[in-house]
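The values are calculated or read from the model by the stated rules, or taken from the named source; none is laboratory data. Model, not experiment: these values are computed from the prediction. As a convention, Cβ positions derive from the backbone with ideal geometry for all residues, glycine included, and neighbour counts pool all protein chains shown.
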Ligand SMILES: Cc1ncc(COP(=O)(O)O)c(C=O)c1O
């Protein structure tokens, strides 16, 4: 048969850098190797029992479609939860429930941009933004951030240099994946001013909203601009409640035109999952600041264990991340992808090895991040300390054999 032609969109959508070495990990496991998985942001903290308890109460005779904008109950309870925990007043009507933050981001790109339009992002960036942009025909324009300054935002003039007549939005992720950087209220104000000046949207991904360490205050863009019509917030239940498999997120905006346009797109995909919305609504009505405080403390202890054990390794450099549960770590080698593969194919110590996500997959600007890995600290502190020992031994063995 003659080869069938695929779309440029499909061809140009990259595979996930987080999953690209998964095959080697699978083979290592088949050989009986125990892998400490630090490559993917899959929380290991148990999902709140409140979610599973309410799921058991679902007893409708037919599993019907829900509303395209999301069911009334989850929108109401999510709005109340944000009031209780973040002291923000966001009416339920401003919520569009989505299949994870992932769908919310695709909806935001599709609504704010035509194919060929540009969105500014800070580099390194959450790798799947690259996939969402490719699907929507959007060009991401990277603005450099550096490890030495813990990936803080560059000067306004530097950001403005990247704005063109095709720019439709700035996209910020705070707390940040992959860097763990948390942006200040001043950062948010400056970005909003740039957006005002250029009449573009400000999309803020607050998937990790409450996960902020060292008693640092966290500012939602809604603290800075409670009802600004150019602001779109993307949120998710995946991380703070270890609910990745429920596939529930939302897009929040006070802009009626945006919500109306998004609803049309949402209607074409019918509805988010019915049972999960039912259970999440009840869970949100029960949980509050206590649960999230506990989660935050758990990640802070891990952040400390990771930072203190990794910084002892010769040639390794990292700064303490401020939030979320990620760190970008520089290694004393040239090709981190090759090293990560080596750790899965050739290295084992006491039956164990480690799996990191190669850093270059998080950079849009080519050539950057080649000597970095992203570490997701989703394991107990003792295992993180053990992973530091494996990294130290792995680096020695890799350099002896390959350099
Ligand atoms: C910054 C960021 N945004 C969005 C997502 C997607 O989240 P969801 O599971 O809600 O689709 C992730 C998942 O890792 C993320 O890290």
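Descriptive notes on the structure:
- Flag if residue 221 is surrounded by 17 or more Cβ atoms within 10 Å (Cβ to Cβ), modelled with pLDDT of 95 or more and more than 21 Å from the chain's Cα centre (by Cα): no
- Residue pairs whose Cβ atoms lie under 8 Å apart, separated by 6 or more positions or on different chains, with the first residue in region 226-245 and on the phi > 0 side of the Ramachandran plot and the second part of a loop (DSSP other than H, G, I, E, B), are 242/43; 242/44; 242/45; 242/46; 242/47; 242/48.
- Look at (1) more than 16 Å from the ligand (Cβ to nearest atom); (2) closer than 29 Å to residue 302 by Cβ; (3) in contact (Cβ under 8 Å) with a residue 40 or more places away in the chain; (4) buried (at least 22 other Cβ atoms within 10 Å of the Cβ) and you find that residue 214 fails only one, number (4).
- Out of 299, 326, 310, sole residue that is buried (at least 17 other Cβ atoms within 10 Å of the Cβ), away from the ligand (no atom under 16 Å from the Cβ), touching a residue at least 60 places away in the same chain (Cβ under 8 Å) and over 30 Å from residue 66 (Cα atoms): 310
- Total residues in region 97-115 satisfying the condition of being part of a loop (DSSP other than H, G, I, E, B) and over 17 Å from the mean Cα position of the chain (by Cα): the figure is 3.
- Of all residues in region 217-249, those satisfying the criterion of being part of a helix (DSSP H, G or I) and either out of contact with any strand residue (DSSP E or B) (no Cβ under 6 Å at 6 or more places or on another chain) or within 12 Å of the ligand (Cβ to nearest atom) (or both) are 222, 223, 224, 244, 245, 246.
- Hits in region 25-66 (condition: part of a loop (DSSP other than H, G, I, E, B), in contact with a helix residue (DSSP H, G or I) (Cβ under 9 Å, 6 or more places away or on another chain) and farther than 30 Å from residue 262 by Cβ): 33, 38, 39, 45, 57
- Among the conditions (1) within 26 Å of residue 208 (Cβ to Cβ); (2) surrounded by fewer than 17 Cβ atoms within 10 Å (Cβ to Cβ); (3) modelled with pLDDT of 95 or more, the only one that residue 383 does not satisfy is (2).
Condition check ((1) within 17 Å of residue 253 (Cα to Cα); (2) surrounded by 23 or more Cβ atoms within 10 Å (Cβ to Cβ); (3) in contact with a helix residue (DSSP H, G or I) (Cβ under 7 Å, 6 or more places away or on another chain)) across all residues:
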residue: 68; (1), (2), (3): yes, no, yes
residue: 79; (1), (2), (3): yes, no, yes
residue: 83; (1), (2), (3): yes, no, no
residue: 86; (1), (2), (3): yes, no, no
residue: 97; (1), (2), (3): yes, yes, yes
residue: 102; (1), (2), (3): yes, no, yes
residue: 107; (1), (2), (3): yes, yes, yes
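- Which numbered condition residue 108 fails, given (1) over 15 Å from residue 233 (Cα atoms); (2) within 16 Å of the ligand (Cβ to nearest atom): (1)
- Screening 182, 203, 141 for residues that are closer than 25 Å to residue 10 by Cβ, at pLDDT 95 or above, in contact with a strand residue (DSSP E or B) (Cβ under 8 Å, 6 or more places away or on another chain) and crowded, with 22+ Cβ neighbours inside 10 Å leaves exactly one candidate, 203.
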